[in-house]
Amino acid sequence: MIITVLAWLFASTTAVPPRHASAGAQPLITVSENAIEITGLTPGHHAVLFGLEREQEALQAGTTRVTKLRLAAADDAGRVVFTSTEPLLPHALWIAVDEKSGRYSISAPEGSELLASRPDVAPVALVKSAGEALELPADLTHLLVIRAAHGVWFGTVADGGASDDDPNLDGKSRLKPEKLHDADKAAKKEAKRFEKADTIIVVEPVELRYSVIEVQE
């Protein structure tokens, strides 16, 4: 199958309830100056944190700091805290995933000026075709693939880059699942294919736009 992301959502400045997730309460993200606390996790199982922080210098100029993946086991209360050696930036997008249940939360610090709110849900289409790849309408994207009770995978693809299965420089890219990396570096499980009910979160790193889709077939 080919899964095509046709539209983006702009991150809200408050926690965003998942559109596709397992039943139950979603993880709660709390951001302080040098730490991120995640609660509501499955005790004793891994939590995955992914984040992008944007330091804007001008209208189209700036630097995005990527927290590629942080992995830690939740305590008996279903809580984990990730600390940072540097102050966390106010313009950011944070994604927390409960690896066991597949539940996740997407949020941004309150008052973030960079992130524009979109109250409507932008349409996203899944397109079936030969092969198994994810087509992305952007020059550069980061993505998480969540498979409840099996794992979380991360990927970065740039138009014309090493991970792009589309050789053309055309402002879009195509990613095959074997180019993804396991969030658990010790396990190194391969995502050989996109499977039904996989949740895929795609993030564009300049405006911090994101889209959430679920593989249907």
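The values are calculated or read from the model by the stated rules, or taken from the named source; none is laboratory data. None of the values given here were measured: they were computed from a predicted structure. Neighbour counts are summed over all protein chains in view; Cβ atoms, including those assigned to glycine, are modelled from backbone coordinates with ideal geometry.
When the residues of the stretch 15-48 are narrowed to those that are polar (S, T, N, Q) and within 10 Å of residue 104 (Cβ to Cβ), which ends up modelled with the lowest pLDDT? The qualifying residue modelled with the lowest pLDDT is 22. Scanning the stretch 198-217 for residues that are in contact (Cβ under 8 Å) with a residue 60 or more places away in the chain and not in a strand (DSSP E or B), which turns out surrounded by the fewest Cβ atoms within 10 Å (Cβ to Cβ)? Going through the qualifying residues, I end up with 217.
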